[in-house]
Amino acid sequence: MKTPRKISEVDLALPLAGSEGHDINYIGRIRTQYLFAQHQAMVTQTQFADAKAAALMTLVGLIALRGPFAIGAPPVGLFVGLYLALVAACILFSFLAVFPRYPSAKLRAAMSESDRWSWPALASDAFDPDDFSRFMQTSEVSQLVHSVSLSNSYVSRILLRKFLMLRIAFLFAFAVLLMTGLRLAAII
């Protein structure tokens with residue numbers, strides 16, 4: 001991944017009004033509203049993925065505990081071993097989907113040079129709160145747009161990894177349900 005421009009290096013000579021002839025204030029407001037709405041949509045998707053992963057973890061755990069095998073019976077056979085391995089894999093990937101993610105200290109330090117929106121950049125040891133205060137007093141619209149855009153890009157990558165883990169968990173859950181159905185069909 002290419003290193004993003006430092007916020008101090010954002011080209012402030014570019015015209016903010018664009019080429020459509022709209023008022024500069026209107027365009028600045030539209031850009032920031034768009035980025036904030038995009039950020040909120042990603043936060044909502046993150047919460048949705050976490051809720052789905054937690055529900056899946058609970059459902060598969062309950063199926064495993066109340067499923068087609070007696071709890072007191074020792075697990076014997078290939079079918080039971082495979083079943084328990086699939087349950088464990090589903091719960092593991094569900095947990096990985098819910099597990100909080102944030103950039104490493106090194107990446108947070110680099111982020112703090114270009115991003116003044118995301119909490120990981122603001123929490124960096126390399127970040128000075130007084131510098132942030134001074135920046136906010138003098139920041140230009142282009143710098144704020146740059147900052148929120150980068151933050152949204154970082155969040156989208158975290159969200160993509162989260163949904164990948166969730167997708168894998170769902171595949172294992174499907175296999176667990178299929179095996180549970182096969183076992184119950186054989187019992188009945």
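Just so it is clear, none of the values below were taken in a lab; they were calculated from the coordinates. Predicted model only: the values in this text are computed from it and were never measured. Heads up, the Cβs are rebuilt from the backbone with ideal geometry, glycines too, and the neighbour counts pull from every protein chain shown.
Give, as residue ranges, the helices (runs of 4 or more DSSP H) completely inside the stretch 89-188 that count at least 3 residues that are in contact (Cβ under 8 Å) with a residue 24 or more places away in the chain and under 15 Å from Met42 (Cβ atoms). So that I can check it myself, show each step before the final result.
Details: elements: 105-111, 119-122, 129-138, 141-187.
Hits in the stretch 89-188: 141-187.
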Just the residues that are part of a loop (DSSP other than H, G, I, E, B), of a type in the set (A, V, I, L, M, F, W, C) and more than 13 Å from Val145 (Cβ to Cβ), please, taken from the stretch 1-46.
Met1, Ala13, Ala17
Selection within the stretch 1-40 - small (Gly, Ala, Ser) and surrounded by 12 or more Cβ atoms within 10 Å (Cβ to Cβ)
Ala17, Gly18, Gly28
Assess whether Leu160 counts as being touching an Asp or Glu at 6+ places or on another chain (Cβ under 8 Å) and of a type in the set (A, V, I, L, M).
no
Selection within the stretch 130-188 - more than 24 Å from Ala51 (Cβ to Cβ) and aromatic (Phe, Trp, Tyr):
Phe132, Phe135
Any idea which of (1) surrounded by fewer than 18 Cβ atoms within 10 Å (Cβ to Cβ); (2) of a type in the set (S, T, N, Q); (3) touching a helix residue (DSSP H, G or I) at 6+ places or on another chain (Cβ under 7 Å) is the one Ser153 doesn't satisfy?
(3)
